[in-house]
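Have a look at the structure below before the remarks.
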Amino acid sequence: MNDIALNSVPTRRPDMRFRVVGDEGIIVSQDQAEVIAVNEVGARVLSLVDGERTLGEILTSVGEEFDVSSETLERDTRPFLSELVDSGVLGVHVE
Amino acid sequence: MSFAEQFLTHPSLFPERLSGESPGEQSLRFSLAGFAFALEGLSQPCQTHARARLARDESALKSSLDLKSSLELVTRVFIASPGDFRDVAVRGWQYALDFDYRPDGVSLAGLHWMARSRLSQPTESSVQGAIWTSLERPEEVYGVLENYLRVCLAYRCLLAGGVMLHSAAVLIDGKASLFVGRSGAGKSTIAKLAVKIGLEVLSDDLNVALPTGDGTWRVSTIPFTGDVAPSDKCGQSFELAGIYRLDQAAGNQRIALGHAEKIASLVTVCPYVNKDSHRESLLWTNLESLAALDVQALRFAPSTEVFEVLRHNPRRGENLGKIGG
């Protein structure tokens, strides 16, 4: 699994669609024919993936909104985003 | 690969106008899931063949469903030159239509045919769609018509607040349960198991679900059924009791799903419309409404015991706490 550095900028692939439904989110990857449901924190993380913010900036924003330590957030979020990169749902580049 | 490149010799020459020379002047009027359709420009043999498949009797123009629109979607068939289409080596190849989604409609390309349909709910009975094909044999032309009509019906359902679902529909105590899943998920298996214990199966391929307006939904049967569907239920509708996403497993168990998981399970089984970015919001709105119903995961082993677990209460899914779901 690719580990995403904090200065990496995650990007949405052109075929990736993301929708917030209530407190949760749904990712649809048209090319991969894959649909993934994510919880509230995952939905917020993905809503901040805009091709401009670095992972570090995203984690800082999410940490301010949710009552969760930065260590826990980083520990959970990096593998999550890495899986999405590996599966072709997200892209990533380093600033 | 760009649109229609796989099927057409000159994709850039895809017809812009709904015009051409028709193979005949026969027409056929019928209803699918309560929506009125008309095909025009058919040859006599093709009309006879299509009528036998789509509208076995005059009751095909009536439906127990509340008609969402009695206005016909009129489609005219036109002749295309065989040279317009590529020869595709079909051995070992999985046939999938090619789509060009547009703000005002959709264009389609398949083996020896292409089509275009405007995608607003008809406001008057005028020609809204066209099919161009080089095929002449009635059974081959019917295959084209069915492929085209599946797409049109999916869109008419979408515009009426409903969805067409890849699913097996089983009647249990007079109500329809839908078992959804992609190809290979077990829809046909569930249908065969249901038949084995004396339950009625409406279809193991495609079913239409439409809201009634009072919070309930109804399942309507259509002629595009699978291998095990009885024909005498075609055109009827039944209250939708619940939807089960099939997950083949070693045992049988129902798992409750969160709202997002429900919608995620449903969006994958809405053929044709679930890749249309122009009407994405409409699909999500309809699915949010449908997800208010009982939508669960059903882990099942291929035995009739699976129907026993439908009588027990499910437990909450254990995978909702993780970020990745």
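The values are calculated or read from the model by the stated rules, or taken from the named source; none is laboratory data. Here the structure is a predicted model, which is why all the values come from computation and not from measurement. Quick reminder, even Gly has a Cβ in these numbers, built from the backbone with ideal geometry, and neighbours come from all protein chains shown.
The table that follows gives values for the structure above.
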{"quantity": "Residue check, B:Val151 within 29 Å of B:Phe3 (Cβ to Cβ), in a helix (DSSP H, G or I) and out of contact with any Cys (no Cβ under 9 Å at 6 or more places or on another chain)", "calculated": "yes"}
{"quantity": "Selected residue (criterion: surrounded by the fewest Cβ atoms within 10 Å (Cβ to Cβ)) from residues of region B:248-269 that are assigned to a strand (DSSP E or B) and at pLDDT 90 or above", "calculated": "B:Ala256"}
{"quantity": "Failed item, numbered, when A:Val35 is tested on (1) in a helix (DSSP H, G or I); (2) within 23 Å of B:Leu287 (Cβ to Cβ)", "calculated": "(1)"}
{"quantity": "So B:Ala194, is it touching a helix residue (DSSP H, G or I) at 6+ places or on another chain (Cβ under 8 Å), crowded, with 24+ Cβ neighbours inside 10 Å, more than 14 Å from chain A (Cβ to nearest Cβ) and in a helix (DSSP H, G or I)", "calculated": "yes"}
{"quantity": "All strands (runs of 3 or more DSSP E) inside region B:1-108 with 2 or more residues being modelled with pLDDT under 85 and of a type outside the set (Lys, Arg)", "calculated": "B:69-79"}
{"quantity": "Residue count for region B:197-226, restricted to those that are farther than 22 Å from B:Leu153 by Cα and in a strand (DSSP E or B)", "calculated": "1"}
{"quantity": "Residues within region A:67-95 that are out of contact with any strand residue (DSSP E or B) (no Cβ under 7 Å at 6 or more places or on another chain) and within 14 Å of A:Gly25 (Cβ to Cβ), tallied", "calculated": "2"}
{"quantity": "So A:Leu84, is it surrounded by 19 or more Cβ atoms within 10 Å (Cβ to Cβ), within 12 Å of chain B (Cβ to nearest Cβ) and farther than 29 Å from B:Leu283 by Cα", "calculated": "no"}
{"quantity": "Counted residues, region A:66-81 - those being in a helix (DSSP H, G or I) and either surrounded by 16 or more Cβ atoms within 10 Å (Cβ to Cβ) or within 14 Å of another protein chain (Cβ to nearest Cβ) (or both)", "calculated": "10"}
